[in-house]
Amino acid sequence: MPEPLIELKGVSKSFGSNVVLDGVNLEIYRGDAIGIIGPSGTGKSTILRIIAGLLAPDAGEIYVHGQRRLGLIEDAEDPIFIGMVFQQAALFDSLTVEENVGFMLWERSKLSPQKIRGMVEQKLEMVGLSGVIDRYPAELSGGMRKRVSFARAIMSNPENPKDTPEVLLYDEPTAGLDPIASTVIEDLVRNLQCSEGCCSTYVMVTHQDSTIRRTTDRIVFLYQGKVQWEGTVNDIDTTNNPLVRQFFSGSVKGPIHVVG
């Protein structure tokens, strides 16, 4: 077996008395399109932040390209670059699209403004956006802001190959979007996976049925802090796992406790 790009071993995380993750194991290999699914409040976004190095686990080990991570990403750089697309796009409202997408290059390179603008235009074209480079986030629709955040996440630094993302983490990229806008984002996720110069590996957190089925190959089902089921997207409709069947049917009856 090849070495995982990222491996979580026995990862646990609590917030006060609330145990969010309880001994989670996860392996992410090059080329994976993994969906992490489950009811609300089961630690899906938490596990993304732990993978990204933005949050430290209470227990367990994290390996990135075979190297154990100690602390947060700000304490020591990982051997590979992990990009993240946040649920609310997380753009800087006071910066233009150009400044948002090229933020890493302004901060970590000595490239000329003309070179950075050209690279930003290239990434915007890859996500299907043209003519918005000088706009501010408030001037864009929700779907356009999400695509701008995609362009920022896939930006690479030619002065430092280690700044090219090898894994992308998507946190609910279709949340709050209408079905047509969701389809645009879902197609974009797959197209970026196959695009030259973009990373082919990603982890997708989502509740949306179409996003799960159209963007993932392997699925990890989280509930009560543990991985309760793993399978392929084709196993969704054939598994007898009661948690998975209840989740996709939307039934209030079953082993998943309905809050409220």
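Values quoted throughout were computed directly from the atomic coordinates according to the rules given, and no laboratory measurement underlies them. In this text, all values refer to a predicted model and were calculated from it rather than measured experimentally. No Cβ is skipped: glycine too gets one built from the backbone with ideal geometry, and neighbour counts run over all protein chains shown.
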task: Return the whole-Å distance between the Cα centroid of the range 90-125 and the Cα centroid of the range 10-71.
output: 30
query: For the range 184-260 and the range 142-174, what is the separation of their Cα centres, given in Å?
result: 21
statement: Rh (Kirkwood, all Cα-Cα pairs) for the range 108-260, Å, reads 17.7
statement: In degrees rounded to 10, the 0-90 angle between helix 113-126 Cα long axis and the longest Cα principal axis of the chain is 40
Of Lys13/Lys253; Lys13/Lys146; Lys9/Lys123; Lys44/Lys253; Lys123/Lys226, those spanning more than 30 Å from alpha-carbon to alpha-carbon: Lys9/Lys123; Lys123/Lys226
Entry for Rg and Dmax of the Cα atoms in Å (calculated from the structure that is shown) out of (i) 18.6, 59; (ii) 20.3, 63; (iii) 22.6, 66: (i)
query: How large is the dipole of the range 173-260 about the Cα centre if only Lys and Arg carry +1 and Asp and Glu carry -1, each at its Cβ, rounded to the nearest 20 debye?
result: 320
field: Residues with amide H under 5 Å from that of Gly23, placed H, sequence gap 5 or more
entry: Val11, Ser12, Lys13
field: Ranked Glu186, Glu27, criterion: other C-beta atoms within 10 Å, fewest first
entry: Glu27, Glu186
field: Distant-in-sequence amide H partners of Thr164 (H built 1.01 Å from N, under 5 Å)
entry: Asn157
task: Treating the angle as unsigned and between 0 and 90°, give the value, to the nearest 10°, between the Cα long axis of helix 179-194 and the longest Cα principal axis of the chain.
output: 80
- line: Tilt, helix 142-153 to longest principal axis of the chain (alpha-carbon atoms), in degrees rounded to tens, equals 80
statement: For the chain the mean separation of alpha carbon contacts under 8 Å (6+ apart) over residue count, i.e. relative contact order in percent, is 24
